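The block underneath contains the structure these notes are about, expressed in structure tokens.
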Amino acid sequence: MALTYSTMLPLSTLAPDFNLLDTMTGQFCTLDLLKGNKGTVIMFICNHCPFVKHVQQTLVKIANDYQSSGIAFIAISANDSEQYPEDSPQKMKEIGQNLHYPFPYLYDETQEVAKAYQAACTPDFFVFNALLRCVYRGQLDDSRPNNDIKVTGKDLRLALEKLLAGQEIDPNQKPSVGCNIKWR
């Protein structure tokens, strides 16, 4: 496991489009089909990363708390599943079902989407406004495996609250940290 920080996509960047397999449904989905009318959270996650495992239940709770407000949540795994079979589409579906993911769990087999978003680690979070412009990229909160800080999602929640209220989101954002994406 290589400890990696997010690269911090420039704010106001337009969300790159995609057409990826939703491992939960077996259907291909585009950003336009999945985006929220008030905002969209795109999370690069995977199955085996201890940093992702540490926050999975909170991700489900946050998505359940905000989806009814017009915020869409999209999870994407770009890990090389040949080298990391636990991150295969079938295993993604199993994890998504077991944890009751209320969001699509997409597989970026070519890794082109992760590169377009400049994703670097799992988890890596991006929030886009209704116009699909990046307004937040960074950490979920200060909790990490074994640091004894409770997982709350406070940084992501604050960004979503400000977005929904039409308020400016502080541009001084802390990068996410986790395992590096497993590139081919």
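The numbers here are math on the coordinates, done by the rules we state, and not lab data. The structure presented is a predicted model; accordingly, all values stated were derived computationally and were not measured. No Cβ is skipped: glycine too gets one built from the backbone with ideal geometry, and neighbour counts run over all protein chains shown.
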What's the total number of residues in the stretch 108-126 that are crowded, with 22+ Cβ neighbours inside 10 Å, within 19 Å of residue 22 (Cα to Cα) and not small (Gly, Ala, Ser)?
7
Scanning the stretch 58-106 residue by residue, those in a loop (DSSP other than H, G, I, E, B), crowded, with 18+ Cβ neighbours inside 10 Å and touching a residue at least 40 places away in the same chain (Cβ under 8 Å) turn out to be 78, 79, 101, 103, 104
Of all residues in the stretch 23-47, how many are more than 14 Å from the chain's Cα centre (by Cα) and under 11 Å from residue 77 (Cα atoms)?
1
Those residues of the stretch 141-165 which are within 17 Å of residue 67 (Cα to Cα) and out of contact with any Asp or Glu (no Cβ under 6 Å at 6 or more places or on another chain), in sequence order
156, 157, 158, 159, 160, 161, 162, 163, 164, 165
Scan 13, 40 and give me the residue that is in contact with a Lys or Arg (Cβ under 9 Å, 6 or more places away or on another chain) and under 26 Å from residue 166 (Cβ atoms).
13
Just need a number here: residues in the stretch 23-47 that are in contact (Cβ under 8 Å) with a residue 40 or more places away in the chain, closer than 24 Å to residue 6 by Cα and not in a helix (DSSP H, G or I).
11
